[in-house]
Amino acid sequence: MNKKKNNPYDRAYWFSEQLRADSKLLDTRVSSLLDLLYEHSQLKRKRYKEHLPQLRTLVLNLLKASQTKPPSLTIPMSSDSYTAFERVSFKVLVKHHVETLVAMGWLSKHSGFRYGEQRRLTRLELLEPMLKWLKNIPVNANDIERPAPKSSVLVKDEKKNVIQLPAAFDEELGRRQRRLSQVNEAFAKSFFDLFLSENELEDLDGRMLGGAELDPDQPPFLDLSAKYLIRIFNNSSLEQGGRFYRGWWQNIPKEFRPLICINGDFTTEMDYSAIHPTLLYALEGKEMPYEDPYVCGLLTEELRSVTKRAFNILLNAADREQAVKAIRNQSLLQNSSSNGIHDEQTLIDLIYDSHSLIGSYFGSGYGVKLQYLDSEIAEAVMLRMLPEPCLPVHDSFIVRVGQTSKLKQIMDEEFEAATGVKAGIKIKLLELSDDRKRIVNELIDDELSGFSIRLNKWRKKHHWKFFVDGGTAYDVPQLTGR
């Protein structure tokens with residue numbers, strides 16, 4: 001199986017000028033650091049008003065970067081890269097702040113990271129003095145926030161590069177941008193977290209780091225500030241791809257999703273059952289002939305996960321030969337040679353035989369068009385749920401427990417409106433063990449726990465009427481109303 005070459009610095013945190021944190025004590029600490037930089041650089045013109053905000057932004061990025069392994073920050077080091085930035089400048093951020101910290105031995109540069117065909121980016125590794133200083137600032141990495149992105153609809157070409165469509169598409173892009181902005185604006189006022197203790201959050205970061213070591217495209221740690229959605233279209237088309245990405249809940253291991261908290265409450269996850277096979281049959285004017293399209297004939301329950309992955313490979317492959325190679329490269333049949341299925345060709349033949357009505361879609365690259373269809377349904381569901389936040393994971397949705405009935409009705413209606421057939425929906429209810437209930441109650445009762453601090457901060461900022469009406473930060477999350 002061909003894998004992308006793994007470089008530990010691929011997991012570096014990417015610099016963002018948008019990071020922010022509410023803390024007056026942080027300003028005091030950053031001001032002291034700026035004095036230290038001035039002393040080392042011997043800068044003659046000390047301009048605190050201009051230099052302090054940019055150092056504050058750098059410090060917040062370094063705090064995020066301190067979570068990576070090795071702790072490192074990807075940042076542009078050329079002056080032309082900063083023309084698009086609004087809050088930071090090359091002269092101050094790079095030439096003074098970054099280069100002084102490098103000269104002090106707090107950061108080290110790893111140059112030459114290739115980004116795009118011509119552009120290169122530098123990774124800054126955080127050294128012991130920098131890490132030691134960051135441990136003493138009054139902000140936790142999970143307290144850092146960011147605003148919703150101004151541009152949240154991206155179009156990529158066949159080589160996965162972001163492109164700008166001709167002006168003729170401006171109206172359509174603007175419409176899609178406004179619709180997603182409605183969702184992100186609701187997310188900005190909402191609280192998304194996990195019912196996990198600080199030790200469990202560290203364990204989760206360890207799991208995510210392990211996943212990133214196998215796949216550099218995966219985030220290496222939990223970033224609660226990544227709460228906004230980006231919609232990505234493919235193949236230079238606004239009718240291919242279009243799924244929603246970059247929400248942190250999409251990147252955590254699946255078993256942690258039942259512990260997602262929305263606005264202080266537990267959540268329920270609901271998904272469309274076998275959405276792509278169902279969509280394909282709907283396109284042919286037919287209803288799904290199987291209770292489970294991945295379990296039929298010699299395609300047994302034992303082979304379900306293999307069949308499902310092979311089915312999706314067939315939809316995305318350009319032809320049968322490409323599908324065979326992909327199944328072989330992913331070693332799908334390595335431990336599944338049962339029921340007479342010993343090779344990729346046999347597996348593909350069985351899928352074709354079981355789904356002859358939709359066989360014309362296999363080996364046609366149609367998968368990206370199905371993603372567009374399911375993303376249109378997902379957008380409609382999220383918009384109709386507003387102002388209630390509804391977190392998408394492609395073909396499933398996560399909502400507060402009290403919103404289950406509303407979500408199911410909307411999912412049914414939007415799927416039928418798009419396809420003409422009724423949807424299959426699975427409901428995943430949160431079942432808490434006694435140990436888990438104890439931990440959650442401890443998190444809520446302990447006003448010094450990271451979870452309670454974050455929840456209380458959100459309630460004061462976005463939900464102040466909750467306190468006026470007599471609520472407290474100790475209230476038990478909602479468990480009823482499913």
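Go ahead and run the numbers for FRET between Val295 and Lys150, Cβ-Cβ distance against an R0 of 51 Å, rounding to 0.05.
It comes to 0.65.
So what's the back-of-envelope 222 nm ellipticity for the chain, counting only DSSP H runs of four-plus at -39500 (n - 2.57) apiece and dividing by all residues, rounded to 500? Each step should come with its number before you reach the end.
Values: 15 runs with 193 residues, N = 482.
The helix-only estimate for the chain comes to -12500 deg cm²/dmol at 222 nm.
Projecting the Cα positions of Asn161, Ser41, Met130 onto the charge dipole of the chain (unit charges on Cβ atoms of Lys, Arg, Asp and Glu, taken about the Cα centre) puts Ser41 furthest along the positive direction.
Efficiency by 1/(1 + (r/R0)^6): what FRET value for Lys461 and Gln42, r their Cβ-Cβ distance, R0 = 41 Å, to the nearest 0.05? Let's see the in-between values first.
On the way: r = 41 Å, r/R0 = 1.00.
Result of the calculation: an efficiency of 0.50.
By other beta-carbon atoms within 10 Å, ranking His97, His110, His40 with the fewest at the front produces His40, His110, His97.
Counting Lys +1, Arg +1, Asp -1, Glu -1, what net charge surrounds Ala226 among other residues with beta carbon under 11 Å of its beta carbon? Intermediate values should be presented prior to the final figure.
Details: positive: Lys64, Arg146, Lys227, Arg246; negative: Glu145, Asp223.
Charge balance near Ala226 sits at +2.
Computed from Cα atoms alone, the Kirkwood hydrodynamic radius reported for the chain is 25.1 Å. Relative to its Kirkwood radius, the Cα radius of gyration of the stretch 8-143 gives an Rg/Rh of 0.93. Do the alpha carbons of any pairs in Lys64/Lys160; Lys160/Lys460; Lys24/Lys156; Lys156/Lys286; Lys69/Lys369 sit beyond 31 Å of each other, and which pairs? From Lys64/Lys160; Lys160/Lys460; Lys24/Lys156; Lys156/Lys286; Lys69/Lys369, over 31 Å: Lys160/Lys460; Lys24/Lys156; Lys156/Lys286; Lys69/Lys369.
Values in this text are rule-based calculations from the coordinates and carry no lab data. All figures in this text were calculated on a predicted structure; none of them were measured in a lab. Cβ coordinates were reconstructed from backbone atoms using ideal geometry, including for glycine residues, and neighbour counts include every protein chain displayed.
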